[in-house]
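What follows is one structure encoded as structure tokens, with my remarks underneath.
The values are calculated or read from the model by the stated rules, or taken from the named source; none is laboratory data. Source: prediction; values computed, not measured. In this analysis, Cβ positions are derived from the backbone assuming ideal geometry, glycine residues included, and neighbour counts consider all displayed protein chains.
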Amino acid sequence: MRRFAIVFGAALPLLGASGALAEDVLIRVEAKRGTEVARSAAQGWSERFDDVVTFPLSDGWIGIGLGPMPREQATARLRQLRSDGQVPGDSFIAPADGRRLTQIDSPTTPDATAATPETVTAVPPEAPAADTGPVAAGTPGTPSTFPQPAAPEVVTPVEPPAPAKVFLRLESTTDRAKAEEMLAKWRETLPEAGLWTLPNGRLAIAFGPVEEPTGEAWLTAFKAAGAIPKDAFLTSPEEVGEVAIAGSAPELAPPPATDAARPAMPSLEDIQRALRWAGHYDGAIDGKDGPMTRAAIAAEIVRLRASPDTATAMAELTRRREAWRTEMGLTELQDSHTGLALPAPMDRLQFDRAERALSIYGPKDGSGAALILFSQPGGQQELQDLSGLVTALGWVPAPTRRIQKGSIILDGRNQTHIGHAEGRVVDGHAQGFVLIWPVQNPEEQRRLAAELSDNIARFAPGAGEAVPEIPAIAPATEVTTQTGVASPATP
């Protein structure tokens, strides 16, 4: 088939069966971003069809279609092609008028390699030109020699391009039993994954379909988190082959459409606190962009699936943490006996008593919760003594201990409650807390323990730590009064 340029309707109107102007349309089969990618895909389509065309869309996308042809013919042909499985199920009919169409020849055409693509411009049909010969105006059956008004321009609505669908291809094998084992393992982290038989007979684990821009963004996010192999890639529905074990379409949020749609990045300290609350970070709350913080951010993006964009995902995470804090009723507790302040669920706690270095808050309204604060001058030995007391009283039953210089952490549980204790040496004080929580709510307990740990601070000296005020001018000598009580001498 020879490549050629043609202007449709340049001489005579095309009439349908009813005598109305015929409308030329395309069967839109897919779209690709970038000229080279689109050309390669279009050549693949031309191996099966001899009327493949490409046409520019918006934002660098290029449409691939069949045609142009009358709408009635296109409708019947699309129905048959879908029935035979020769085109994607989301193929649709799009207007041809006004598009710049580039015709792609079949590789089997004899002169296809010698010719170059030519542009085919589809324009609305025009009326026949008026006869300007010497015929008297008004003569019946003849056109007038006076200028005729131009026909109103018909603007055909252009359907927005539908982004192409892609799959994330994870790994493949030739062994069916091994493929099923691989699929079961992948579904632990990507439950929507399925098994596909590739055109070459191999079996592949794939995840999708999703729209191509979304797939590109999430491919990067998944790789950054180490959630998929480094050599995983995107592939088209045709290239992924036939379903062997069906998966399901994943719900992946698209990337922000524009920079203006991207929220401001929260501070790194807020991000670290939110990551610890979510259970993905166990480092220091220091506002530093270290490897632990970066790894935790990547893992949380994959887990939350709120957005592949870091700023959007972290803004959503901090929002969820704040909503949880409000739901838990966290309020600032300032305990005058220990001099410690921290956020606490005071709807579930009530003050019980203070003993030596301890301030004890018991359950309120049968909540099953308790909070013990402790503070006394000292160091590592005082922490060890306090941990022994906590264990002996059963606040943290059968604990596992993490002991480092200047800190100690205890965790344990029984049939009724979860116990967690943390102590640190801060400015010459052994201080910390014990949290007791009902065993039925382990996730609440873990999140609350993280909030207490990250926000506990000293706001004043404890009740037993008051230091006598030193006079502004010390007395020079002392004299003994008649009562025998020492008193300052008069300067």
Given (1) within 16 Å of the chain's Cα centre (by Cα); (2) outside any helix (DSSP H, G or I), identify the lone condition not met by residue 275.
(2)
Against the conditions (1) within 30 Å of residue 234 (Cα to Cα); (2) buried (at least 17 other Cβ atoms within 10 Å of the Cβ); (3) at pLDDT below 85, where does residue 36 fall short? Just the number, please.
(2)
Of the residues 295, 315, 284, 344, which is at pLDDT below 90 and either assigned to a strand (DSSP E or B) or not assigned by TED's automatic domain parsing to the domain that holds residue 447 (or both)?
284
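Here is a yes/no grid of residues against (1) part of a loop (DSSP other than H, G, I, E, B); (2) touching a helix residue (DSSP H, G or I) at 6+ places or on another chain (Cβ under 7 Å); (3) more than 21 Å from residue 92 (Cα to Cα); (4) at pLDDT 85 or above:
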position	(1), (2), (3), (4)
4	yes, no, yes, no
7	yes, no, yes, no
10	yes, no, yes, no
19	yes, no, yes, no
27	no, yes, no, yes
41	no, no, no, yes
44	no, no, no, yes
50	yes, no, no, yes
54	no, yes, no, yes
For residue 254, are the conditions met, namely being modelled with pLDDT under 95, in a loop (DSSP other than H, G, I, E, B), in contact with a helix residue (DSSP H, G or I) (Cβ under 9 Å, 6 or more places away or on another chain) and buried (at least 20 other Cβ atoms within 10 Å of the Cβ)?
no
Are there any pairs, at least 6 apart or on different chains, whose C-beta atoms fall under 8 Å, with the first in segment 75-96 and closer than 17 Å to residue 63 by Cβ and in the same structural domain as residue 30 (by TED's automatic domain parsing) and the second hydroxyl-bearing (Ser, Thr, Tyr) and at pLDDT below 80, and if so, which?
78/91; 81/91; 95/156
Look through segment 431-464, keep the residues that are in contact (Cβ under 8 Å) with a residue 40 or more places away in the chain and charged (D, E, K, R), and return whichever of them is surrounded by the most Cβ atoms within 10 Å (Cβ to Cβ).
451
Pairs please, first residue from segment 162-190 and surrounded by 15 or more Cβ atoms within 10 Å (Cβ to Cβ), second anywhere and of a type in the set (Ser, Thr, Tyr) and in a helix (DSSP H, G or I), Cβ atoms under 9 Å, 6+ apart in sequence or on different chains.
163/214; 166/214
Selection within segment 188-234 - assigned to a loop (DSSP other than H, G, I, E, B) and touching a Leu at 6+ places or on another chain (Cβ under 9 Å):
190, 193, 227, 228, 229, 232
Could we say that residue 247 is crowded, with 16+ Cβ neighbours inside 10 Å, assigned to a helix (DSSP H, G or I) and in contact with a strand residue (DSSP E or B) (Cβ under 6 Å, 6 or more places away or on another chain) here?
no
Being at pLDDT 90 or above, within 22 Å of residue 269 (Cα to Cα) and not hydrophobic (A, V, I, L, M, F, W, C): is that true of residue 447 here?
yes
